[in-house]
Amino acid sequence: MEKETSSSSDVSASHVGRVRNRRRANEVTTDGNKANGQTLLVSDRNKYKSMLIRTYSTVWMIGGFAFLVYMGHLYIWAMVVVIQIFMATELFNLLRKSSEEKQLPGFRLLNWHFFFTAMLFTYGRFLSRELVNTVSSDHLLYKLVSGLIKYQMFICYFLYISGFVWFILTLKKKTYKYQFKQYAWTHMILLTVFAQSSFTVANIFEGMFWFLLPASLIVINDIAAYLFGFFLGRTPLIKLSPKKTWEGFIGASVTTIISAFLLANVMGRFQWFTCPRKDLSTGWLQCDPGPMFKPEHYYLGDWVPHWFPWKDVFLMPVQWHALALGLFASIIAPFGGFFASGFKRAFKIKDFGDSIPGHGGITDRMDCQMVMAVFAYIYHQSFISPHNFSVDAILDQILRNLTYEEQRNLYEQLGEMLGNLCKADKLAACL
């Protein structure tokens, strides 16, 4: 009796998401006809209310997102951090058992200790140059930040080891299995969720274009798949997610690829999107956008019918790269959603949470975004970012590995070398 009472209380308190109820064999639902390909989803009148709620939430989210884009890179980074905290909360609570937690006071803090240690390590690696550039005008603060960056890896390792020791010291008899399960679960969250979503921040500071375009394509693909599936969907796509249809998948793919090509041309016109942010300020950006964002002339000639009005078109080279992003967003990224669907079925929940009306939890909206963020970063580093040494890359190494005195010595030596070159060759740049 004691075991039965404990297990029932655990199940009731373990999930923050909405529980998926099993249907009985004699229950009649509209999903049966849909699965057989006989009924359109649009014929189900009960779905219109859900669609209206989902639409309101989507409009609010897009409006808030547009405001943060206007405010700048730093605010978007803050948004990503808040999203990561919400996602971690939803996933930490997924395996939480109240009966076990009562025997382990303070054990929940350990999850957040590892979370913020991972945050310090990841963002310390991604944003070290931007942080140093921000405080370079203050000599004392510059020396402090440079020292922290130099020993950042050791500091993070010490924090992680302290968490490891903390975990060992909190082990209690009869809760070993639960504690080790939580330890493994925490690390899985950090690897599969936090690490992937952190690539989003790297994309933001490489140029908002490389964050905004991939994120927008996922939103467009999601909305298009929902609308095509709602009005035209007949054929189920995958058993893991019965509401997904082939009609929605194909319609969304075509829409996303076309949108990628057009959006890249629009976003590529604004320096606010194309210029990389090299510090943590929020001021206006000005830079040379580079050849990737400069329109090139294409003469269509015999490729189009004689009645076609546009024989000459101007396209940016980045638009061809946008097609690759659009293809990935429409074909591969949805599998992040399928993975999340299978994950929720394994835990018998409908959504990870209920923080977004009509959508579920934050994690429900970010499953595809995480997959897309990693691809966008890797694609940019592989095909867009220059592979040779750059001034920024050399400065980053100097800031990481040299003390303030060594940096000043290097500066003085470079000054002497340039002075000698000017005297010998009478360079125009020295005048």
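The values are calculated or read from the model by the stated rules, or taken from the named source; none is laboratory data. Quick caveat: nothing in here was measured; it's all calculated off a predicted structure. Heads up, the Cβs are rebuilt from the backbone with ideal geometry, glycines too, and the neighbour counts pull from every protein chain shown. Areas reflect the complete protein model, heavy atoms only, side chains present, ligands, DNA and RNA absent. Shrake-Rupley method; radii C 1.70, N 1.55, O 1.52, S 1.80 Å.
Surface composition of the chain: carbon and sulfur make up 66 percent of the accessible area, probe 1.4 Å.
Sorting 109, 140 by solvent-accessible area of protein heavy atoms yields 140, 109, largest first, with a 1.4 Å probe. Entry comment: accessible area of the chain is 59 Å² per residue, from protein heavy atoms only and a probe of 1.4 Å. Shape index of segment 68-160: Rg/Rh, with Rg the Cα radius of gyration and Rh the Kirkwood radius from the inverse mean 1/r over Cα pairs, equals 1.09. Of the residues 256, 134, 89, the one that moves most in a GNM of the chain with alpha-carbon contacts below 10 Å is 134.
Computed from the alpha carbon positions, the gyration tensor of segment 258-300 leads to an equivalent ellipsoid with semi-axes of 25, 13, 7 Å, biggest first. Residue-normalised convex hull volume from the C-alpha trace of the chain: 194 Å³ per residue. Net charge within 13 Å of residue 413 by Cβ-Cβ distance, Lys/Arg positive one each and Asp/Glu negative one each, not counting residue 413 itself? Once positives and negatives cancel, what remains is -3. Computed over protein heavy atoms with a 1.4 angstrom probe, the accessible surface ordering of 82, 391, 135, largest first, is 391, 82, 135.
The heavy atoms of residue 328 offer some 40 square angstrom of accessible surface to a 1.4 angstrom probe.
If you take all other residues with their beta carbon under 14 Å from the beta carbon of residue 92, and give Lys and Arg +1 and Asp and Glu -1, the sum is +1.
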